[in-house]
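Written below as structure tokens is the structure these notes are about.
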Amino acid sequence: MALTLTINQDDINTLCDRVEGAQEGAYAIQKLTDDYPSMTIDDGYAVQAELRKRYLAKGHQLVGWKAGLTSRAKMEQMGVHVPSIGFLTDKMTRTEDVGIKTSEMVHPRVECEVAFVTNKDLKGPNCTLLDVLAATDYVLPAVEIIDSRFSGFKFDLASVVADNGSSARFVTGKNKVNPQGLNLQKIGVVMKKNGQEIARGDSSAVLGNPAEAIAMLVNILAEQDEYLPAGSFVMSGGITEAFAVQPGDEITAEFEVLGNVSMTFVA
């Protein structure tokens with residue numbers, strides 16, 4: 001099943017030029033629908049696919065995918081009503097001990113997530129939560145640093161999909177937890193900025209169960225004639241709303257069972 005597009009390849013290339021330039025140059029652009037008001041979510045995924053193709057051609061390695069806008073808090077914050085997906089490459093990963101440069105981003109914000117690593121292929125269009133659990137090698141705590149490249153952090157779903165779901169950076173904790181026997185619906189998390197609590201929530205905020213977000217992602221991939229291969233790293237979506245960060249900030253996400261993830265931000 002292929003995407004249904006309202007734009008042609010020249011349009012896709014033009015829009016991808018804008019997104020790629022903004023991501024690599026760390027500058028804001030107007031949302032894409034300002035010039036292409038009839039642009040659809042499928043059109044956004046076509047631009048995203050072109051962006052992925054370009055990054056892989058530059059030597060990036062695809063490590064996995066991310067589900068976005070999977071919690072009610074995030075949907076309300078962004079004014080959208082449908083989850084989305086984006087790709088993740090090795091150039092986006094950061095470690096806990098190295099400062100993350102905010103100068104490489106436009107609107108850096110953090111959100112805590114449950115991440116999955118698979119050991120079997122997952123294919124749609126009828127992937128279920130049980131399929132995901134059977135194909136999960138382990139889960140681990142993670143923080144995603146998202147970065148919408150659109151002016152004023154204002155966008156619509158077609159534009160954010162084209163912008164690869166605002167993907168920018170991610171950091172994972174060291175604990176790898178077997179999902180068997182783990183209640184994925186009730187993993188509590190507290191996010192702290194500079195030692196002060198700024199949010200708390202639990203994993204049920206992500207479509208009731210983060211594994212449901214992975215199943216949704218696999219089914220969206222199927223709409224693009226793609227699948228999730230074994231060995232993929234997948235982020236299931238923010239448990240709370242996203243919080244802005246600036247140089248000097250220290251962020252810690254404290255997860256029940258899964259452990260902690262910490263990072264610092266520099267200029």
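The values are calculated or read from the model by the stated rules, or taken from the named source; none is laboratory data. Model, not experiment: these values are computed from the prediction. Please note: Cβ atoms are built from the backbone with ideal geometry, for glycine as well, and neighbour counts cover all protein chains shown. Side chains included, ligands, DNA and RNA excluded: accessible areas come from the protein's heavy atoms. Shrake-Rupley method; radii C 1.70, N 1.55, O 1.52, S 1.80 Å.
Tabulated data for the structure shown
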| item | result |
| --- | --- |
| Of all residues in segment 31-74 being hydrophobic (A, V, I, L, M, F, W, C), in contact (Cβ under 8 Å) with a residue 40 or more places away in the chain and assigned to a helix (DSSP H, G or I), the one that is farthest from N164 (Cα to Cα) | A73 |
| Selection from segment 36-60 of residues that are of a type in the set (S, T, N, Q) and over 17 Å from Q23 (Cα atoms) | S38, T40 |
| Single match in A2, A28 (criterion: more than 20 Å from K91 (Cβ to Cβ), exposed (fewer than 12 other Cβ atoms within 10 Å of the Cβ) and either touching a residue at least 60 places away in the same chain (Cβ under 8 Å) or within 19 Å of the chain's Cα centre (by Cα) (or both)) | A2 |
| Residue within segment 106-122 that is closer than 17 Å to A215 by Cβ, in contact with a helix residue (DSSP H, G or I) (Cβ under 6 Å, 6 or more places away or on another chain) and either β-branched (V, I, T) or surrounded by fewer than 24 Cβ atoms within 10 Å (Cβ to Cβ) (or both) present | yes |
| Filtered residues of segment 100-123 (kept if closer than 27 Å to A242 by Cβ and either part of a loop (DSSP other than H, G, I, E, B) or more than 13 Å from the chain's Cα centre (by Cα) (or both)) | I100, K101, T102, S103, E104, M105, V106, H107, P108, V117, T118, L122 |
| Test: residue in segment 195-214 that is among the basic types (K, R), closer than 18 Å to T95 by Cβ and open to solvent by 10 Å² or more (accessible area, probe 1.4 Å) | no |
| Residues (free of Cβ contacts under 8 Å to residues at least 60 places away in the same chain and not in a strand (DSSP E or B)) located in segment 238-267 | G248, D249 |
| Cross-chain or 6+ apart pairs with Cβ under 7 Å, segment 95-107 first and in contact (Cβ under 8 Å) with a residue 60 or more places away in the chain, then charged (D, E, K, R) and open to solvent by 30 Å² or more (accessible area, probe 1.4 Å) | I100/R94; I100/R169 |
| Subset of segment 227-263 (residues that are more than 20 Å from V190 (Cα to Cα) and either crowded, with 18+ Cβ neighbours inside 10 Å or in contact with a Phe, Trp or Tyr (Cβ under 6 Å, 6 or more places away or on another chain) (or both)) | L228, S232, F233, V234, P247 |
| Residue match in segment 52-73 (condition: over 22 Å from V177 (Cβ atoms), open to solvent by 10 Å² or more (accessible area, probe 1.4 Å), among the hydroxyl-bearing types (S, T, Y) and modelled with pLDDT of 95 or more) | yes |
| Any hit, segment 149-161, residues being among the small types (G, A, S), touching a strand residue (DSSP E or B) at 6+ places or on another chain (Cβ under 6 Å) and open to solvent by 10 Å² or more (accessible area, probe 1.4 Å) | no |
